[in-house]
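Coordinate-derived values only; no laboratory data. For clarity, every value in this text was computed on a predicted model and none was experimentally measured. Here Cβ is always computed from backbone atoms with ideal geometry, including for glycine, and neighbour counts include all displayed protein chains.
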Amino acid sequence: MSQGIAAGSAADDPRVSASGGVAASTKGQVSWALFEWARNPYVLLITIYVFAPYFSGDLVGDPVAGQALWGDLSSLGGFVIAFLAPILGAVADLGGRRKPWIAGFAFVLALLTFSLWFAVPDEAMLPLWVIGFIIVANNVLFEFTAVFHNAMLPEICSHKRVGAISGLGLALGNLAGLIMLLFMLWAFALPGLVGWGFVPGEPLFGLDRAAHQTERISGPITAIWLLVFTLPLLLFTPDRASSGLPLGTAVTKGVSRVLKTLRDALHYRNVATYLLARMFYNDGKTAILTFGGIYVAGTFSWGPLDMLAYGVTLSIFAVAGGFVGGWLDDHLGSQKAILVSISGTAIGLVASLLTTPTSVLGIWTWTPETVPVLYDGPFFNTVPEAVYVGLVILIAIFITAAYANSRTMLARIAPPEKMAEFFGLYALSGTATAFMAPFVVGAFTRWFDSQAAGMASILIFLAIGLIGMLFVKDERAVAKD
């Protein structure tokens, strides 16, 4: 960094990164954000709207058992991430470079995601346990890419731009998901079911809907998208220089460094309090995403067409959520922005659970035969369905905003010298207890014999996280030697 830059006010100088180095160019910053564009379709197509309901309803053959198994797979992945992510973050801090790790994890993630094309019912091509292994491995790889990607944020832009660039990434990610969902809807779900002139008469590429090819194609499409749009990050976003430290030495020192950081938690009390609070509210958000699609498919008896339309609708507004998160962060500060995001998510969840196929907010109720119909269309044509979608739109906005706010919060309070290590702990706080929310949701569902009761249990995690955030300060920690 030049003396001219160093002499200025680093906090206000757009040429100085939040970690004190030289900030990336606009192209480099946008390319960093575009990696969210590459990754996010995996979340929407595979884990929420297309493959997950297909896995539960068709591969397992029982929505309840399928939901339980999906939760088990998520929990197993969480254990692996909890153990390895902090160590990998410390290794990245010691070794310097982040992009080679991102490239390697992204490539394997794409390869395994492509193989989901062979996930057919009755284990005709892949055994169910292999499909389960792929899901676990993908969840782990997906989170590992996030560790190294997030750690780059404070090194590519100024302190004042951290919130905006983080929000841009989340917005672009949701926009990419929206584009992919629209394509899936137009190319595979609507053909043959509606008489709209702009929709093909049959599913594209001659795919057979009866053989579930229109759902299985989500794997290859997501994989190709990931590979193509990872390239801008690898080509245009600057990386740290390699330290020259051998990998084995970096791993050994990385483990020691993580253990020391955990021992020094008292010194990093503010960061530790934040990560603990995030552990709970992030579990709640993740549970909403994990079980939301399965819940609404079971509650309203929605099929692939409804689910894709539902995903498109939510993704449109989730794009806005990334910008809302950035705006809240820049105007309120990270801590208050997170409080707003958690509160909005909780209120939206309560209201949505009070809305059923024959009821709106638990106030207006009808018999199944007298539910008001809004229009003669293929989806969301009753009043309860339309109200439910409207309420979940609010949840989508606040969840996306919370993701942006959370990443920005750590980038602003963690010591720059240990940024990747703390983003490893950030991944740990987001997944270490990932088994808890699925377990609690399943337990409440069984105890009360109600999907709604299971979803309502998520409020416990949101409440604990909200209370914890009240004790977090928006100030940067100083690294302990």
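Computed values, structure above
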item: Under the Debye formula (equal points on every Cα, no solvent term), log10 I(q)/I(0) of the range 304-409 at q = 0.15, 0.19, 0.21 Å⁻¹; result: -0.67, -0.90, -1.00
item: Sorted by Cβ neighbour density within 10 Å, fewest at the top, the residues 295, 375, 388; result: 375, 295, 388
item: Table column - 3J(HN,Hα) (Hz), the range 305-311, Karplus curve with 6.51, -1.76, 1.60, x for Gly and Pro; result: 4, 4, 5, 5, 4, 4, x
item: Residues with amide H under 5 Å from that of residue 22, placed H, sequence gap 5 or more; result: 17
item: Number of Lys pairs (Cα under 18 Å; 8 or more positions apart or on different chains) in the range 21-469; result: 7
item: The chain: calculated mean residue ellipticity at 222 nm from DSSP helix runs of at least 4, using -39500 (n - 2.57); result: -22500 deg cm²/dmol
item: Cα gyration tensor category, rounded, prolate or oblate, for the range 34-177 with a/c compared to 1.5; result: prolate
item: Ranked 285, 336, criterion: other C-beta atoms within 10 Å, fewest first; result: 336, 285
item: Whole-Å distance, taken between Cα centres, linking the range 275-313 and the range 320-345; result: 20 Å
item: Chain lengthening between residue 234 and residue 107 when straightened (0.36 nm per residue, less Cα-Cα); result: 44.5 nm
item: Label selected from [x] 73, 47, 40; [y] 71, 53, 52; [z] 73, 60, 55, the criterion being Cα extents along the principal axes in Å as computed here; result: [x]
item: Extension gain (nm, one decimal) between residue 204 and residue 25, 0.36 nm per residue minus Cα-Cα; result: 60.4 nm
item: Packing-based exposure ordering (other Cβ within 10 Å, fewest first) of 159, 149, 212; result: 212, 159, 149
item: Rough spin-label spacing in nm, given labels placed 7 Å along Cα→Cβ, for residue 224 and residue 471; result: 5.1 nm
item: Förster-model FRET efficiency, 30 Å R0, residue 120 and residue 375, C-beta, rounded to 0.05; result: 0.25
item: Gain on full stretching of the segment that runs from residue 356 to residue 255 - 0.36 nm per residue minus C-alpha separation; result: 31.4 nm
item: Lys, Arg +1 and Asp, Glu -1 on Cβ, resulting dipole of the chain about Cα centre, debye, nearest 20; result: 1720 debye
item: Whole-number percent relative contact order across the range 21-469, with pairs defined as alpha carbons under 8 Å at least 6 apart; result: 29 percent
item: Neighbour-limited loop hits for GluC sites (Glu not before Pro), the range 339-428 (at most 13 other Cβ within 10 Å; DSSP other than H, G, I, E, B); result: 369
